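Colleague: The structure is given below, and queries will be raised subsequently.
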Amino acid sequence: MSEPAKIAIVGAGGFGKETLVMINQINAIKLHWQVIGFFDDGIQRDSLVAGLRVLGNVDDLNNYEKELSVVIAVGDPRTKKMIVDKIRNPMLNFPSLIHPVATIGENIKAGAGCIITAGCRLTIDITLNDFVLLNLNTTIGHDVSIGSYSSIMPGVHLSGYVHVGEEVLIGTGASVLQHVSIADRAVIGAGAVVNRSVEKGRTVAGVPARPIKKND
Ligand SMILES: CC(C)(COP(=O)(O)OP(=O)(O)OC[C@H]1O[C@@H](n2cnc3c(N)ncnc32)[C@H](O)[C@@H]1OP(=O)(O)O)[C@@H](O)C(=O)NCCC(=O)NCCS
């Protein structure tokens, strides 16, 4: 039997702990990963988080001298991009993780570093670019594309032909209607119903969703 691959989790906050649970659940089906610890710029080295050690910060990860898989367990799209931009170590690779109880349909393409958590359902002809997070119980309809670093929070529904740009945050429980485009760095409030396309950098919320402020 082959050895499990070593993996580190960047981000030792709430979502980091949830990612550890997800990896444990993947391993319960078939041993695939050996989690070596967390890396986090804001938590003291050697702290224990969910029983696992914080091994250092992102600079330490850049000095890591062996091959290592890394998962960026950070929900906020801008922070996630900042971390990825800071990582320069050629020994590191970024696998996409898929929870065993996610439903993956047909012609689903995912770039590097995506995280598809428990209960997500994806149907057909869907493209996830790099470092996209689909959090618990999201549903993604046909012909949807999601840009790099975007985070789709729990219970979101994206209908068919929706296009989501880069670094977009879609808050918990939001629904996006068919053919809507959400431009780069937009923020969709929790519970919103998005029935019109959203401009770059806009924050929209409510039912139907309307701008609440300009965040760029
Ligand atoms: C939309 C959001 C980003 C705005 O956050 P913010 O920039 O801090 O804005 P504020 O809280 O100052 O709210 C500004 C106004 O919008 C309203 N508002 C904020 N979020 C709203 C929402 N989801 N739906 C409806 N109205 C909302 C506020 O009540 C406030 O209205 P007021 O000016 O009349 O008092 C945030 O509220 C949100 O929904 N984030 C998603 C969080 C999420 O899903 N997390 C997932 C964790 S797993």
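Readers should treat all values here as calculations from the given coordinates under stated rules, not as data from a laboratory. All values reported here derive from a predicted model rather than from experimental measurement. Methodologically, a virtual Cβ is constructed for each residue, glycine included, from the backbone with ideal geometry; neighbour enumeration extends over all protein chains shown.
Colleague: State, to one decimal in nm², a quarter of the convex hull surface area for the C-alpha atoms of the stretch 154-203, i.e. the direction-averaged projected area.
Modeller: Taking a quarter of the hull surface, the average projection is 2.7 nm².
Colleague: Using the Karplus curve 6.51 cos²θ - 1.76 cosθ + 1.60 with θ = phi - 60°, what ³J(HN,Hα) values do you get for each residue of the stretch 126-132, in whole Hz, with x for Gly and Pro?
Modeller: 10, 10, 10, 7, 5, 6, 8
Colleague: Let me ask another. Give the angle, between 0 and 90 degrees and rounded to the nearest 10, that separates the Cα long axis of helix 77-86 from the longest principal axis of the Cα atoms of the chain.
Modeller: Here the helix axis deviates by roughly 40 degrees.
Colleague: Still on this structure: Would you work out the relative contact order for the stretch 5-95, in percent, from Cα pairs under 8 angstrom that are 6 or more residues apart?
Modeller: On the way: 149 pairs, mean separation 29.5, N = 91.
Relative contact order here is 32 percent.
Colleague: Still on this structure, I have one more. Would you mind listing how long the stretch 98-214 runs along its three principal axes, going by Cα atoms, in whole Å with the largest first?
Modeller: Reported extents, whole Å, longest axis first: 38, 22, 20.
Colleague: Still on this structure, I have one more. Once amide H atoms are placed 1.01 Å from N in the peptide plane, what residues at a sequence separation of 5 or more from Gly173, or on another chain, have their amide H within under 5 Å of its amide H?
Modeller: Here the answer is Gly155, Val156, Gly191, since their amide H atoms fall under 5 Å of that of Gly173.
Colleague: How large is log10 of I(q)/I(0) for the stretch 21-136 at q = 0.15, 0.20 Å⁻¹ when the intensity is taken from the Debye formula with one equal scatterer per alpha-carbon?
Modeller: -0.73, -1.25
Colleague: Express in whole angstrom the spacing between the alpha-carbon centres of the stretch 90-167 and the stretch 28-56.
Modeller: Distance between centres, Cα-based: 24 Å.
Colleague: So what's the back-of-envelope 222 nm ellipticity for the chain, counting only DSSP H runs of four-plus at -39500 (n - 2.57) apiece and dividing by all residues, rounded to 500?
Modeller: -4500 deg cm²/dmol
Colleague: Between Val101 and Gln178, how many nm apart are label points set 7 Å from Cα along the C-beta direction?
Modeller: Spacing of the two 7 Å Cα→Cβ label points: 3.0 nm.
Colleague: Provide the gained length on full extension for the span Ala5 to Asn195, in nm with one decimal, where the gain is 0.36 nm per separating residue minus the Cα-Cα distance.
Modeller: My answer for the length gained is 64.1 nm.
Colleague: A follow-up question, please. What does the charge dipole of the chain about its Cα centre add up to, to the nearest 20 debye, if the Cβ of each Lys and Arg holds +1 and the Cβ of each Asp and Glu holds -1?
Modeller: Here the chain has a charge dipole of around 480 debye.
Colleague: Explain nothing, just compute: Karplus ³J(HN,Hα) = 6.51 cos²θ - 1.76 cosθ + 1.60, θ = phi - 60°, for every residue of the stretch 18-27 in order, whole Hz, x for Gly and Pro.
Modeller: Once θ is set to phi - 60°, the couplings for the stretch 18-27 become 5, 5, 4, 4, 4, 5, 4, 6, 5, 5 Hz.
Colleague: Can I ask one more? What list of ³J(HN,Hα) couplings, whole Hz, do you get for the stretch 94-110 from phi and the Karplus terms 6.51, -1.76, 1.60, once you set θ to phi - 60° and write x for glycine and proline?
Modeller: The phi angles translate into 10, x, 8, 10, 10, 5, x, 9, 7, 10, 9, x, 10, 6, 9, 10, 10 Hz.
Colleague: Turning to a different aspect of this structure: In the chain, with Lys and Arg counted as +1 and Asp and Glu as -1 at Cβ, which of these residues, Leu31, Ala8, Gln178, has the Cα nearest the positive end of the dipole, that is, farthest along it?
Modeller: So the residue we want is Gln178.
Colleague: For a quick check, take a GNM of the chain with Cα springs below 10 Å and name the residue from Ile23, Ile108, Ile72 with the largest mean-square fluctuation.
Modeller: Residue with maximal mean-square fluctuation among Ile23, Ile108, Ile72: Ile108.
Colleague: Out of the DSSP beta bridges found with both residues in the chain, what percent are antiparallel (nearest 5)?
Modeller: Details: 6 of 54 bridges.
Expressed as a percentage, antiparallel bridges in the chain total about 10.
Colleague: Using modelled amide H (1.01 Å from N, peptide plane; none on Pro or chain starts), what sits under 5 Å from the amide H of Asn93, excluding residues fewer than 5 places away?
Modeller: Placed amide hydrogens put Leu68, Ser69, Val70 under 5 Å from Asn93.
Colleague: Now for a different question. Can you compute the FRET efficiency between Ile124 and Lys30 using 1/(1 + (r/R0)^6), with r the Cβ-Cβ distance and R0 = 22 Å? Round to the nearest 0.05.
Modeller: Here the calculated transfer efficiency is 0.25.
Colleague: Quote the Stokes-Einstein diffusion coefficient, in whole µm² s⁻¹, for the chain, based on the Kirkwood radius over alpha carbon pairs, a temperature of 25 °C and a viscosity of 0.890 mPa s.
Modeller: 140
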